[in-house]
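The values are calculated or read from the model by the stated rules, or taken from the named source; none is laboratory data. All values derive from a computational prediction rather than experimental measurement. Methodologically, a virtual Cβ is constructed for each residue, glycine included, from the backbone with ideal geometry; neighbour enumeration extends over all protein chains shown.
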Amino acid sequence: MRKIILTALIAASALPGLAMAQTHELRRDRQDIREQQRDLRDAQRFGDRRDVRDARRDVRDARQEYREDWRDYRAKNRALYARGNWRAPFAYQRFAPGVVMRPTYYASRYYIADPVRYRLPVAAGPNRWIRHYDDAVLVNVRTGRVVQVMNGFYW
């Protein structure tokens with residue numbers, strides 16, 4: 001019994017590491033695309049037409065590969081991006097930065113506990129990411145003011 005529990009704990013601690021490896025791979029792919037775009041600009045500035053054509057093809061291929069990898073990542077982590085059946089005490093309202101929200105909209109039960117897992121920027125200070133239907137909203141919880149909105153984040 002003890003061995004089974006120990007094995008389960010080890011397996012549970014290894015799974016998030018695998019998801020993070022996929023995220024790091026996607027970050028490296030984005031960095032490669034940026035480097036290839038830089039090469040393309042240099043080729044356009046200093047190179048001949050053949051170099052420009054090759055650089056454009058490389059950038060296009062890298063972008064396509066990145067899109068495919070991103071689709072695969074979202075397909076494998078479907079539960080992470082799934083729409084929820086949210087029973088909130090209010091109707092849907094689209095927010096804009098600068099708007100002041102009522103506290104019922106940003107109660108602690110709507111907080112996104114781990115924004116990095118969802119590839120959201122880290123919320124600093126009194127700011128918290130909340131989920132409002134399919135939107136991710138960054139709110140200052142002291143004042144209720146909306147800082148940033150990502151409409152349709154959860155498709």
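Mind telling me which of the residues V59, V122 ends up being modelled with pLDDT of 80 or more, within 24 Å of R28 (Cα to Cα) and surrounded by 11 or more Cβ atoms within 10 Å (Cβ to Cβ)?
Details: V122 fails: surrounded by 11 or more Cβ atoms within 10 Å (Cβ to Cβ).
Exactly one residue qualifies, and that residue is V59.
Do the conditions hold for P97, that is, is it at pLDDT 85 or above, in the same structural domain as V139 (by TED's automatic domain parsing), within 30 Å of N140 (Cα to Cα) and surrounded by 10 or more Cβ atoms within 10 Å (Cβ to Cβ)?
yes
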